[in-house]
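K.L.:
Next up is a structure, given as C-alpha coordinates.
The values are calculated or read from the model by the stated rules, or taken from the named source; none is laboratory data. A quick note: this is a predicted structure, and the numbers were derived from the prediction, not measured. As a convention, Cβ positions derive from the backbone with ideal geometry for all residues, glycine included, and neighbour counts pool all protein chains shown. Ligands, DNA and RNA are stripped out before the accessible areas are found, and what is left, the full protein with its side chains, is counted by its heavy atoms. Shrake-Rupley method; radii C 1.70, N 1.55, O 1.52, S 1.80 Å.
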Amino acid sequence: MTPTSPIRVALVDDQQLVRSGLGMLINSQPDLSVVLQAGNGIEALQGLSATAADVVLMDVRMPGMDGLETTRRLMERSKGAPAGSWLSELRIVVLTTFDLDEYALAAIQAGASGFLLKDAPPEELLGAIRTVYAGDAVIAPSTTRRLLDHVSQLLSAPSPANDAHAAAVTSLTVREHEVFLLIANGHSNPEIAKQLFVSEATVKTHVGHILAKLSARDRVQLVVIAYETGLVSPG
(Lines give C-alpha, C1' and ligand atoms only; values in the text may rest on other atoms or scores of the structure.)
Protein backbone atom coordinates (compact mmCIF):
# COMPACT_ATOMS: atom_id res chain seq x y z
CA MET A 1 0.00 0.00 0.00
CA THR A 2 1.49 3.34 -1.04
CA PRO A 3 0.86 6.15 1.44
CA THR A 4 -1.02 9.17 0.07
CA SER A 5 1.62 11.44 1.61
CA PRO A 6 5.34 10.72 2.03
CA ILE A 7 6.54 8.70 5.00
CA ARG A 8 7.98 11.23 7.46
CA VAL A 9 11.48 10.32 8.62
CA ALA A 10 13.52 11.77 11.49
CA LEU A 11 17.32 11.33 11.46
CA VAL A 12 19.20 11.25 14.76
CA ASP A 13 22.99 10.95 14.51
CA ASP A 14 25.84 12.95 16.04
CA GLN A 15 27.81 12.91 12.76
CA GLN A 16 26.58 15.63 10.42
CA LEU A 17 28.10 13.89 7.40
CA VAL A 18 26.07 10.76 8.14
CA ARG A 19 22.88 12.80 8.55
CA SER A 20 23.51 14.67 5.30
CA GLY A 21 24.17 11.50 3.34
CA LEU A 22 21.12 9.71 4.71
CA GLY A 23 19.02 12.83 4.19
CA MET A 24 19.94 13.10 0.51
CA LEU A 25 19.27 9.40 -0.04
CA ILE A 26 15.88 9.46 1.68
CA ASN A 27 14.73 12.71 0.07
CA SER A 28 15.57 11.26 -3.37
CA GLN A 29 12.57 8.94 -2.96
CA PRO A 30 9.11 10.27 -3.85
CA ASP A 31 7.42 8.37 -0.99
CA LEU A 32 9.89 9.44 1.74
CA SER A 33 10.66 12.81 3.31
CA VAL A 34 13.11 13.86 6.04
CA VAL A 35 11.18 16.12 8.42
CA LEU A 36 13.71 16.40 11.24
CA GLN A 37 17.45 16.08 11.81
CA ALA A 38 18.98 15.96 15.29
CA GLY A 39 22.56 15.59 16.50
CA ASN A 40 21.76 13.89 19.82
CA GLY A 41 18.96 12.44 21.88
CA ILE A 42 18.03 15.67 23.64
CA GLU A 43 17.64 17.47 20.29
CA ALA A 44 15.57 14.54 19.01
CA LEU A 45 13.19 14.64 21.98
CA GLN A 46 12.81 18.39 21.64
CA GLY A 47 12.31 18.20 17.88
CA LEU A 48 9.76 15.39 18.09
CA SER A 49 7.76 17.43 20.58
CA ALA A 50 6.97 19.88 17.79
CA THR A 51 7.40 17.84 14.57
CA ALA A 52 5.43 14.71 13.65
CA ALA A 53 7.35 11.75 12.23
CA ASP A 54 6.48 8.18 11.24
CA VAL A 55 9.92 6.53 11.42
CA VAL A 56 13.04 7.54 13.36
CA LEU A 57 16.50 6.40 12.23
CA MET A 58 18.45 6.50 15.47
CA ASP A 59 22.21 6.18 15.98
CA VAL A 60 22.57 3.96 19.05
CA ARG A 61 25.89 5.41 20.25
CA MET A 62 25.90 9.19 20.70
CA PRO A 63 27.48 11.50 23.29
CA GLY A 64 25.14 12.95 25.88
CA MET A 65 21.84 11.11 25.61
CA ASP A 66 22.45 7.99 23.55
CA GLY A 67 20.05 6.23 21.20
CA LEU A 68 19.06 3.69 23.83
CA GLU A 69 17.84 6.24 26.37
CA THR A 70 16.22 8.31 23.61
CA THR A 71 14.37 5.21 22.35
CA ARG A 72 13.13 4.47 25.88
CA ARG A 73 11.83 8.01 26.32
CA LEU A 74 10.16 8.12 22.92
CA MET A 75 8.47 4.77 23.56
CA GLU A 76 7.18 6.07 26.92
CA ARG A 77 5.68 9.03 25.07
CA SER A 78 4.26 6.73 22.42
CA LYS A 79 2.57 4.44 24.96
CA GLY A 80 0.83 7.42 26.54
CA ALA A 81 -0.28 8.96 23.24
CA PRO A 82 -3.92 8.79 22.03
CA ALA A 83 -4.66 5.76 19.83
CA GLY A 84 -4.39 6.59 16.14
CA SER A 85 -2.11 9.61 16.68
CA TRP A 86 1.23 9.79 14.87
CA LEU A 87 3.05 9.43 18.18
CA SER A 88 1.22 6.20 19.08
CA GLU A 89 2.35 4.73 15.74
CA LEU A 90 5.96 6.00 15.89
CA ARG A 91 8.56 3.42 14.84
CA ILE A 92 12.30 3.48 15.54
CA VAL A 93 15.08 1.80 13.59
CA VAL A 94 18.44 1.79 15.34
CA LEU A 95 21.65 2.42 13.37
CA THR A 96 24.92 0.86 14.47
CA THR A 97 28.39 0.30 13.05
CA PHE A 98 28.69 -3.39 13.91
CA ASP A 99 26.15 -6.21 13.91
CA LEU A 100 26.72 -7.72 17.37
CA ASP A 101 26.13 -4.47 19.24
CA GLU A 102 24.43 -5.16 22.57
CA TYR A 103 23.33 -1.53 22.66
CA ALA A 104 21.23 -2.36 19.61
CA LEU A 105 19.68 -5.31 21.44
CA ALA A 106 18.84 -3.10 24.43
CA ALA A 107 17.21 -0.58 22.07
CA ILE A 108 15.10 -3.35 20.52
CA GLN A 109 14.04 -4.46 24.00
CA ALA A 110 13.17 -0.83 24.74
CA GLY A 111 10.83 -0.73 21.75
CA ALA A 112 12.85 -0.18 18.58
CA SER A 113 11.55 -2.09 15.55
CA GLY A 114 14.93 -3.46 14.54
CA PHE A 115 18.35 -2.24 13.59
CA LEU A 116 20.49 -1.60 10.54
CA LEU A 117 24.20 -1.37 9.96
CA LYS A 118 25.32 2.10 8.92
CA ASP A 119 27.05 0.61 5.88
CA ALA A 120 23.91 -1.26 4.74
CA PRO A 121 23.17 -0.95 1.01
CA PRO A 122 20.91 2.04 0.20
CA GLU A 123 18.06 -0.19 -0.98
CA GLU A 124 18.15 -2.08 2.34
CA LEU A 125 17.91 1.13 4.34
CA LEU A 126 15.09 2.51 2.19
CA GLY A 127 13.31 -0.83 2.31
CA ALA A 128 13.58 -0.96 6.10
CA ILE A 129 11.91 2.45 6.46
CA ARG A 130 8.99 1.36 4.26
CA THR A 131 8.71 -2.03 5.98
CA VAL A 132 8.71 -0.58 9.48
CA TYR A 133 6.12 2.00 8.42
CA ALA A 134 3.88 -0.73 6.98
CA GLY A 135 3.90 -2.39 10.39
CA ASP A 136 2.76 -5.85 9.32
CA ALA A 137 5.87 -6.86 7.40
CA VAL A 138 8.81 -8.91 8.62
CA ILE A 139 11.40 -6.81 10.47
CA ALA A 140 13.91 -9.55 11.20
CA PRO A 141 16.71 -9.15 8.68
CA SER A 142 19.71 -11.42 8.97
CA THR A 143 21.59 -8.82 11.01
CA THR A 144 18.83 -8.68 13.64
CA ARG A 145 18.64 -12.47 13.85
CA ARG A 146 22.45 -12.70 14.19
CA LEU A 147 22.31 -10.24 17.06
CA LEU A 148 19.53 -12.17 18.80
CA ASP A 149 21.37 -15.48 18.32
CA HIS A 150 24.52 -13.88 19.75
CA VAL A 151 22.80 -12.80 22.97
CA SER A 152 20.19 -15.58 23.23
CA GLN A 153 21.52 -16.80 26.60
CA LEU A 154 21.29 -13.28 27.98
CA LEU A 155 17.74 -12.93 26.64
CA SER A 156 16.54 -16.21 28.13
CA ALA A 157 18.08 -15.62 31.58
CA PRO A 158 15.45 -15.74 34.37
CA SER A 159 13.79 -12.38 35.04
CA PRO A 160 10.36 -11.06 36.09
CA ALA A 161 9.79 -9.78 32.54
CA ASN A 162 10.54 -13.20 31.07
CA ASP A 163 8.19 -14.84 33.60
CA ALA A 164 5.45 -12.41 32.59
CA HIS A 165 6.04 -13.11 28.92
CA ALA A 166 6.00 -16.87 29.51
CA ALA A 167 2.66 -16.54 31.30
CA ALA A 168 1.29 -14.41 28.45
CA VAL A 169 2.41 -16.99 25.86
CA THR A 170 0.32 -19.65 27.66
CA SER A 171 -2.77 -17.48 27.01
CA LEU A 172 -2.41 -17.94 23.23
CA THR A 173 -4.76 -20.34 21.47
CA VAL A 174 -3.25 -23.31 19.64
CA ARG A 175 -3.54 -21.53 16.29
CA GLU A 176 -2.14 -18.27 17.69
CA HIS A 177 0.81 -20.23 19.10
CA GLU A 178 1.45 -21.70 15.63
CA VAL A 179 1.39 -18.23 14.07
CA PHE A 180 3.61 -16.85 16.84
CA LEU A 181 6.28 -19.49 16.19
CA LEU A 182 6.18 -18.83 12.44
CA ILE A 183 6.58 -15.08 13.02
CA ALA A 184 9.45 -15.77 15.42
CA ASN A 185 11.17 -17.78 12.70
CA GLY A 186 10.97 -14.86 10.26
CA HIS A 187 7.95 -15.78 8.12
CA SER A 188 5.81 -13.09 6.51
CA ASN A 189 2.00 -13.03 6.59
CA PRO A 190 1.67 -14.45 3.04
CA GLU A 191 4.10 -17.26 3.93
CA ILE A 192 2.17 -18.06 7.11
CA ALA A 193 -1.15 -18.04 5.24
CA LYS A 194 0.21 -20.48 2.67
CA GLN A 195 1.70 -22.81 5.30
CA LEU A 196 -1.47 -22.90 7.43
CA PHE A 197 -3.91 -22.96 4.47
CA VAL A 198 -5.75 -19.85 5.63
CA SER A 199 -6.32 -16.38 4.17
CA GLU A 200 -3.87 -13.55 4.72
CA ALA A 201 -6.69 -11.59 6.40
CA THR A 202 -7.08 -14.43 8.92
CA VAL A 203 -3.33 -14.34 9.63
CA LYS A 204 -3.51 -10.56 10.20
CA THR A 205 -6.33 -11.12 12.70
CA HIS A 206 -4.25 -13.71 14.56
CA VAL A 207 -1.22 -11.38 14.55
CA GLY A 208 -3.33 -8.59 16.05
CA HIS A 209 -4.52 -10.90 18.84
CA ILE A 210 -0.96 -12.12 19.53
CA LEU A 211 0.42 -8.57 19.72
CA ALA A 212 -2.34 -7.60 22.15
CA LYS A 213 -1.98 -10.67 24.38
CA LEU A 214 1.81 -10.35 24.58
CA SER A 215 1.72 -6.53 24.91
CA ALA A 216 4.11 -6.29 21.95
CA ARG A 217 4.36 -3.30 19.64
CA ASP A 218 5.39 -5.16 16.52
CA ARG A 219 6.85 -8.33 15.05
CA VAL A 220 10.38 -7.66 16.27
CA GLN A 221 9.08 -7.53 19.84
CA LEU A 222 7.43 -10.90 19.21
CA VAL A 223 10.74 -12.36 18.02
CA VAL A 224 12.49 -11.06 21.15
CA ILE A 225 9.78 -12.61 23.38
CA ALA A 226 10.20 -15.92 21.56
CA TYR A 227 13.94 -15.86 22.38
CA GLU A 228 13.27 -14.76 25.98
CA THR A 229 10.83 -17.62 26.58
CA GLY A 230 13.07 -20.22 24.90
CA LEU A 231 10.65 -20.94 22.05
CA VAL A 232 13.33 -20.00 19.52
CA SER A 233 16.91 -21.21 19.82
CA PRO A 234 20.02 -19.81 18.09
CA GLY A 235 20.73 -20.94 14.55
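K.L.:
Where does the charge balance sit around M65 when Lys and Arg score +1, Asp and Glu -1, over other residues with C-beta under 15 Å from its C-beta?
P.N.:
-3
K.L.:
OK, next. Give the Cα extents of the chain along the principal axes, in whole Å, largest first.
P.N.:
On the principal axes, the chain reaches 49, 39, 35 Å in Cα extent.
K.L.:
Where a Cα-Cα gap under 29 Å defines reach, which lysines qualify for K79, not counting those fewer than 8 residues away within the same chain?
P.N.:
Counting by Cα, and skipping residues close in sequence, K79 has these lysines nearby: K118, K204, K213.
K.L.:
Name the shape class, rounded, prolate or oblate, that the alpha-carbon gyration tensor gives for region 109-235, where a ≥ b ≥ c are the square roots of its eigenvalues, rounded holds for a/c under 1.5, and otherwise prolate holds if a/b is larger than b/c and oblate otherwise.
P.N.:
Judged from the Cα gyration tensor, region 109-235 comes out oblate (a/c at least 1.5, b/c at or above a/b).
K.L.:
Applying 1/(1 + (r/R0)^6) with R0 = 25 Å to the Cβ-Cβ distance of A157 and Y103, what FRET efficiency is obtained, to the nearest 0.05?
P.N.:
0.90
K.L.:
With a probe of 1.4 Å, find how much accessible area region 24-175 has per residue, and write the answer as a whole number in Å².
P.N.:
That works out to 45 Å² per residue.
K.L.:
If R0 is 22 Å, what FRET efficiency do you get for H150 and E123 from their C-beta distance, rounded to 0.05?
P.N.:
That pair, H150 with E123, gives E of 0.30.
K.L.:
With a 1.4 Å probe and every protein chain kept in, tell me what percent of the accessible surface of the chain is carbon plus sulfur.
P.N.:
C and S atoms contribute 55 percent here.
K.L.:
Size of the dipole of region 1-118 about the Cα centre, Lys and Arg at +1 and Asp and Glu at -1 on the beta carbon, nothing else charged, in debye to 20?
P.N.:
Around 260 debye, computed over region 1-118.
K.L.:
Oh, and also: Expressed as an acute angle from 0 to 90° and rounded to the nearest 10, what is the orientation of the C-alpha long axis of helix 160-169 relative to the principal long axis of the chain?
P.N.:
60 degrees
K.L.:
Taking a ≥ b ≥ c as the square roots of the eigenvalues of the Cα gyration tensor of region 1-131, is the shape rounded (a/c under 1.5), prolate (a/b larger than b/c) or oblate?
P.N.:
rounded
K.L.:
Could you check the simple spin-label distance between T173 and F197, using points 7 Å along Cα→Cβ, in nm with one decimal?
P.N.:
Computed distance between label sites T173 and F197 equals 1.8 nm.
K.L.:
Turning to a different aspect of this structure: Can you work out the Karplus-derived ³J(HN,Hα) for every residue in region 204-221? Use 6.51 cos²θ - 1.76 cosθ + 1.60 with θ = phi - 60°, whole Hz, and x for glycine or proline.
P.N.:
So the J values, rounded to whole Hz, are 4, 4, 4, 4, x, 5, 5, 4, 5, 5, 9, 6, 9, 6, 7, 5, 5, 4.
K.L.:
Around I7, which amide H atoms from residues at least 5 apart in sequence, or from another chain, sit under 5 Å from its own amide H, with H modelled in the peptide plane?
P.N.:
Close amide H contacts, sequence-distant or interchain: L32, S33.
K.L.:
May I pose another question? Taking the Cα centre of the chain as origin, sum charge times position over the Cβ atoms of Lys and Arg (+1) and Asp and Glu (-1), and report the length of that vector in debye to the nearest 20.
P.N.:
Value, rounded to 20: 440 debye.
K.L.:
What full-extension length gain, to one decimal in nm, is calculated for R61 and S88 as 0.36 nm per residue of separation minus the Cα-Cα distance?
P.N.:
This chain segment gains 7.2 nm when fully extended.
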